[in-house]
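The values are calculated or read from the model by the stated rules, or taken from the named source; none is laboratory data. Being a predicted model, the structure only gives us computed values, none of them experimental. Glycine also receives a Cβ, built like all others from the backbone with ideal geometry; neighbour counts cover every protein chain displayed. Accessible surface areas use protein heavy atoms only, side chains included; no ligands, DNA or RNA. Shrake-Rupley method; radii C 1.70, N 1.55, O 1.52, S 1.80 Å.
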Amino acid sequence: IPGALEHSHSLNSQDQCQTLAPAIQQLAHAGGRLLLVGGGLTQLETATELANRHPGLHITLLSSHNPFKNFAPRAEQYFRNHLQQARITLLEDHRALEVQQGVCRTSQGALPFDLCLCAPGFKASPLVTSITDQLDENGRAKVTDTLQLVGDDRIWIAGDSAAFPWQGPGPLRM
């Protein structure tokens, strides 16, 4: 997402979490706006944990899709109710186009924020394209049921770089 590196944060390491903790606490005391970009389970958990810990935060969760689309209907309703009870605003079908200082430009308009945390999705390693042209539509290497690269059984691939034959077009959500 253009501008995300300059104008948002991530929680990819313990150091990043420890660095952001005081800023999030100050923001909560001020009743500030926290924008979470990404509708995967990582952001859902982040949103609910922060809402429980910091009730003064105004949390918006921005997702390009229905984050519960693979849930059973009762489970989806349970999580939607939980987000509502936690005062988390869920914006579905909103694709982040650009992050600027204090505002995220989306496919549905501009969203102001005081602090933005981005976890927009998975991306395969660039190494994948250097070793194979057997890629899915998301740039992941096609693998067999045994995680071997299609066309070269001497190479095994796992994680975000692998397109498993049983998973369908989207990433496996954590």
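Name the residues whose placed amide hydrogens come within less than 5 Å of the amide hydrogen of GLY32, ignoring near sequence neighbours (fewer than 5 apart) on the same chain. For GLY32, the qualifying residues are HIS58. When Rg and the Kirkwood Rh are both derived from Cα coordinates, the Rg/Rh ratio for the chain amounts to 1.03. Charge tally for VAL143 (other residues, Cβ to Cβ under 11 Å; Lys, Arg +1; Asp, Glu -1): -2.
Here HIS29 sits with roughly 150 square angstrom of accessible surface, probe radius 1.4 Å.
Distant-in-sequence amide contacts of THR106, defined by a placed amide H-H separation under 5 Å and a gap of 5 or more residues or a different chain, comprise LEU97, LEU111. These residues, ARG105, ARG87, ARG74, go from largest to smallest accessible area, 1.4 Å probe, as ARG74, ARG87, ARG105. Within region 3-115, antiparallel bridges make up roughly 45 percent of the DSSP beta bridges whose residues both belong there. Here the chain is treated with +1 on each Lys and Arg Cβ and -1 on each Asp and Glu Cβ, and its dipole about the Cα centre works out to around 480 debye. A 1.4 Å probe, protein heavy atoms only, puts the accessible area of LEU41 near 60 Å². Helix 73-85 and the longest principal axis of the C-alpha atoms of the chain enclose an angle of approximately 30°.
Residue-wise HN-Hα couplings along region 135-151, as the Karplus relation 6.51 cos²θ - 1.76 cosθ + 1.60 with θ = phi - 60° gives them from phi, are 10, 8, 5, 9, x, 8, 6, 6, 10, 7, 4, 9, 6, 8, 4, 4, x Hz; Gly and Pro carry x. Working from Cα pairs under 8 Å separated by at least six residues, relative contact order for region 21-87 is 35 percent.
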